[in-house]
Amino acid sequence: QVQLVESGGGLVQPGGSLRLSCATSGITFNTYTVNWYRQASGKQRESVATITSGGNTNYADSVKDRFTISRDNARNTVYLQMNSLKPEDTAVYSCNAHWFTRNYWGQGTQVTVSS
């Protein structure tokens, strides 16, 4: 059974940091590309960051230089380090793992940036 489980969300003040984790099981993790997506209330879901099986990364312009995606293949886990958080980063963050036609989602974790 494939599972993607996000953790690390919460309430943080503007300028603060959080690290999200996406722990996977049931897949050959090191072959998958993993994306972090977010969806704010009333808005469309957007891709925030991507990491390929080879470790190449890509970021949305809105988070570039503030967020860092990384992967630990030994732990089957992807991380999203989020620094200098802004209120507009408030959203539900979800991870997605995909390889050819196989596509899996986690349940999401809430990130709220507020004073």
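Quick rundown of the values:
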| quantity | calculated |
| --- | --- |
| Cα-centred dipole magnitude for the chain, charges only on beta-carbon of K, R (+1) and D, E (-1), debye, nearest 20 | 100 |
| Accessible surface of the chain, 1.4 Å probe, proportion on carbon and sulfur as whole % | 42 |
| The chain, Cα convex hull volume normalised per residue, Å³ | 95 |
| Amide H contacts of LYS86 (H built 1.01 Å from N, under 5 Å, at least 5 apart or other chain) | GLY15 |
| Karplus-derived 3J(HN,Hα), 6.51/-1.76/1.60, for each residue of segment 14-21, Hz, glycine and proline x | x, x, x, 10, 9, 10, 8, 10 |
| In segment 20-115, the trypsin sites (Lys or Arg not before Pro) that fall in loop regions by DSSP, at most 11 other Cβ within 10 Å | LYS43, LYS64 |
| GNM top mover of ILE51, ILE69, ILE27 - the chain, alpha-carbon springs below 10 Å | ILE27 |
| Among GLN81, GLN13, GLN44: highest mean-square fluctuation, GNM of the chain, C-alpha pairs under 10 Å | GLN44 |
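The values are calculated or read from the model by the stated rules, or taken from the named source; none is laboratory data. Note that the coordinates shown come from a computational prediction; the quantities given were computed from them, not determined experimentally. All Cβ positions, glycine included, derive from the backbone under ideal geometry; neighbour counts span all protein chains shown. These area figures cover heavy atoms from the full protein model, side chains too; ligands, DNA and RNA do not enter into them. Shrake-Rupley method; radii C 1.70, N 1.55, O 1.52, S 1.80 Å.
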